[in-house]
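Read the structure below first, then the notes.
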Amino acid sequence: RGRLDARRTLKSLVADLRYIMYRGKIKTEVTDEKLDYDKVIEDLVALFENCSDRGTISTICASKDWHDRIEGLKEILHGVIKKSTLKYFHGSVYWYNGKIYVPIINDVLYRALNLYLRKIGVGNSDILQGLKYLISEVFRSLKLWCMLDPTFHIQAYRNGVLDLTTRELHPFSPDFHVIYLHDFDYDPKAKCPLWMEFLKTVLPEKESRHILQMYLGLCTFDRGKMTDKVENCLMLYGNGSNGKSVIFETVSGIFGKENVSGIGLLSLIKGGDERMRNIAAIDGKVVNVCPEVQAKDISGYEDAFKALCSGEGQYGRKIGGNVYAVRNVPWLIFNMNALPKSTDGSHGFFRRFLYVIFGYIVPDEMQNKHLAYDLRQEYPGILNWIIRGGQYLKKRGFIFPKSGNSEKERLMAMGESNVTMSWAYARGIRCSASVKGELFTWIKASELYDDMVKYAEANGFAPVDITSFGRAMSKLGFNGESRKRTSTGMLYKAYCLTEEDLNEPVPVVSDMELTAQDLLDRDVEYDEDDL
């Protein structure tokens with residue numbers, strides 16, 4: 001054949017092959033359900049027909065002017081698409097399958113539209129010449145009036161659609177923009193005794209279990225629409241054989257593997273085009289569970305890390321696409337075997353970390369290698385446990401409880417990066433009053449510095465010189481009226497610390513008792529199983 005004929009023939013064959021390849025039953029990316037594209041096309045044609053006015057179509061087809069016929073068909077398609085259950089989201093067309101919205105390839109829509117035009121009596125010549133214009137009009141209609149808007153607190157289960165914030169179960173409906181069907185039922189009465197027993201073994205401290213429960217409970221809220229700002233990330237800290245992998249597999253099963261990403265921390269905060277592609281990869285995910293994070297990964301990228309944890313808008317770019325704003329950053333969980341190290345020694349950096357310490361190592365003879373599989377039977381009960389965690393946190397004003405183990409790790413992490421801040425928190429020294437009329441003491445800077453050096457040596461931290469100590473104290477607020485220079489040297493205005501306290505042995509973090517009464521729990525009614 002000639003080159004032109006060969007090119008046309010090849011183009012036609014490619015189009016046919018693309019459809020044939022996809023017409024079988026294949027898995028979609030966002031659901032475990034399989035699509036029979038022949039059935040989808042049949043349903044789409046019937047859907048288009050039901051949304052059509054045959055009388056108006058006959059009048060349009062009877063026109064002798066080709067342009068009038070095409071313009072008329074464009075208006076018909078606008079109305080059809082508006083009435084249909086087709087939606088548009090992130091560059092893909094979605095079709096409502098009776099339970100959820102699932103993505104369909106564009107070739108399926110082309111073929112359905114072609115068959116529909118033939119069934120309503122449009123001539124072959126009009127279809128051949130006008131299909132390109134009509135298809136573009138269909139996509140324009142989808143982008144203008146049929147945008148899909150999935151929300152994280154509305155989820156579909158086998159027995160209906162659940163609002164996670166109200167715990168109200170609704171029948172399936174195209175009004176709910178859900179794109180994932182969880183493979184278990186929602187049961188408000190379901191319990192999870194095996195899960196609770198496992199948690200009490202690997203996390204014997206109640207406050208640690210509550211931190212885990214409440215952070216996972218955040219995943220039941222739509223972060224992009226929350227009025228309360230939560231700036232924390234969850235750090236699962238500990239060596240192997242301690243249950244972290246079981247928690248990861250269970251979280252992935254509860255929220256759906258397609259809704260949980262596993263991009264490494266450094267890939268999300270290190271600048272450049274690669275970072276934007278990684279940010280695009282976590283867009284739309286409920287939670288990102290980072291694999292083992294190295295202690296030095298954060299160093300040098302503290303600002304990017306703080307912005308990511310705070311849920312501030314990020315920029316993403318898919319391969320071949322344009323840069324776009326990601327406004328719903330997923331919640332972040334990290335696995336760590338060593339404390340994070342940073343050049344940023346500020347309180348704003350360290351307050352973002354919620355540590356859950358896995359200090360118990362399960363002996364080999366007691367390990368249940370199929371525990372994650374056994375827990376699948378308790379998914380409805382574990383989901384209830386997670387939902388309760390979200391409600392507890394909301395009643396606490398989205399302020400997490402303090403764990404003694406967590407606070408110790410926070411002080412240790414501070415000591416590695418900013419020993420002065422760690423010492424100040426361990427000693428309890430403040431630059432301002434916490435209540436009206438609180439007494440203060442003027443203490444020599446040299447005495448405070450000597451105490452900090454003793455604290456560093458007792459806890460294995462590297463002490464800093466007195467100049468660096470002064471700069472760190474300024475960042476803690478000890479400036480202006482909180483310090484003064486005298487003939488005997490610099491004095492600091494100290495609250496909650498006296499010279500007599502400095503005569504006491506310096507705190508050793510590992511021996512400190514940091515669990516205190518939590519006043520925020522007064523308004524929280526905990527389920528008995530969670531205590």
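The values are calculated or read from the model by the stated rules, or taken from the named source; none is laboratory data. Since this is a predicted model, take the numbers as computed values, not measurements. In this analysis, Cβ positions are derived from the backbone assuming ideal geometry, glycine residues included, and neighbour counts consider all displayed protein chains. Please note that ligands, DNA and RNA were not included when accessible areas were found on the heavy atoms of the full protein model with its side chains. Shrake-Rupley method; radii C 1.70, N 1.55, O 1.52, S 1.80 Å.
Can you compute 3J(HN,Hα) from phi for each residue in region 230-241, using the Karplus curve 6.51 cos²θ - 1.76 cosθ + 1.60 with θ = phi - 60°, rounded to whole Hz and x for Gly and Pro?
Each residue of region 230-241 in turn: 10, 10, 9, 10, 9, 10, 8, 10, x, 7, x, 6 Hz.
Rounded to the nearest percent, how much of the accessible area of the chain (1.4 Å probe, protein heavy atoms only) is carbon and sulfur?
That fraction is 50 percent.
Measuring with a 1.4 Å probe in the full set of protein chains, what accessible area per residue, in whole Å², belongs to region 410-453?
For region 410-453, the solvent-accessible area averages 44 Å² per residue.
Given DSSP loops and a limit of at most 14 other Cβ atoms within 10 Å, what is the longest stretch of the chain that contains no such trypsin sites (Lys or Arg not before Pro)?
437-531
Karplus couplings for region 486-494 from phi (6.51 cos²θ - 1.76 cosθ + 1.60, θ = phi - 60°), rounded to Hz, Gly and Pro as x?
10, 5, 9, x, 6, 10, 10, 7, 10
Compute the acute angle (0 to 90°) between the alpha-carbon long axis of helix 445-459 and the principal axis of greatest extent of the alpha-carbon atoms of the chain; round to the nearest 10°.
Value to nearest ten degrees: 70.
Per residue, how much accessible area does region 161-298 show when a 1.4 Å probe rolls over the protein heavy atoms, in square angstrom?
40
Helix 193-202 against the longest principal axis of the chain: what's the angle in degrees, Cα atoms only, rounded to the nearest 10?
For 193-202 against the chain, the angle is about 40 degrees.
Please tell me the relative contact order of region 405-531 in percent, rounded to the nearest whole number, where contacts are Cα pairs under 8 Å and at least six residues apart.
35
Under the rule a/c < 1.5 gives rounded, and otherwise a/b versus b/c splits prolate from oblate, where does region 214-353 land using the Cα gyration tensor?
rounded
Which of the lysines could be linked to LYS454 by a straight reach, that is with a Cα gap under 23 Å, when you skip same-chain ones fewer than 8 residues away?
Correct list for LYS454: LYS341, LYS408, LYS444, LYS475, LYS493.
Please report how far the C-alpha centroid of region 357-402 lies from that of region 153-215, rounded to the nearest whole angstrom.
11
If amide H atoms are built 1.01 Å from N in the plane of the peptide, which residues on other chains or at least 5 residues away come under 5 Å of the amide H of LEU181?
Amide H neighbours of LEU181, under 5 Å, 5+ apart: ASP32.
Starting from the Cα of ASP450, move 7 Å in the Cα-to-Cβ direction to define the label point; list residues of region 489-515 whose amide nitrogen is under 20 Å from there.
Under 20 Å, as judged by backbone N against the label point of ASP450, lie 489-495, 497-508 of region 489-515.
Expressed as an acute angle from 0 to 90° and rounded to the nearest 10, what is the orientation of the C-alpha long axis of helix 244-255 relative to the principal long axis of the chain?
That helix lies at roughly 40 degrees to the long axis.
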